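Structure first, then comments.
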Amino acid sequence: IITSGPEGPTLANTLTFRFTGEDAQSPTGSLVYSYRLNNGAWSKYSPGTAVPGLQRLPDGPYTFQVRAKDPDGHV
């Protein structure tokens, strides 16, 4: 679940996204996350729940996606 970040057009040149995940089988703290921008390559998984400081993005539309993985490897 993306909990904060820009919605709609923005003039900001530095963007931060925050997110969280839920898994009925695993405590929230045991999830790891990966993200991507505009269907690019997924980032490496990490326990962090924010992507701070995306900078110097050219003008245009962007799609931010995040996914979670539990300790059993389920995405």
Query raised in the report: What accessible area per residue comes out for the chain, rounded to a whole number of Å², with a 1.4 Å probe?
Result: 72
Requested in this report: Note down the magnitude of the dipole of the chain about its Cα centre, charges +1 on Lys and Arg C-beta and -1 on Asp and Glu C-beta and zero elsewhere, to the nearest 20 debye.
Outcome: 260
Report summary line: Of the accessible area of the chain, computed with a 1.4 Å probe and all protein chains kept, carbon and sulfur make up a percent value of 51
Report summary line: Residue separation between VAL75 and GLN55 times 0.36 nm, minus their alpha-carbon distance, gives in nm 4.4 nm
Report task. Can you tell me the relative contact order of the chain? Whole percent, Cα pairs under 8 Å, sequence separation 6 or more. Result -> 35
Report task. Could you give the C-alpha radius of gyration of the chain expressed as a fraction of 2.2 N^0.38 Å, taking N as the number of residues it contains? Result -> 1.17
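The values are calculated or read from the model by the stated rules, or taken from the named source; none is laboratory data. From a predicted model like this one, the values you see are computed outputs, not experimental measurements. FYI the Cβ positions are ideal-geometry reconstructions off the backbone, even for glycines, and counts take in every protein chain you see. Only protein heavy atoms, including side chains, enter the accessible area calculation; ligands, DNA and RNA are left aside. Shrake-Rupley method; radii C 1.70, N 1.55, O 1.52, S 1.80 Å.
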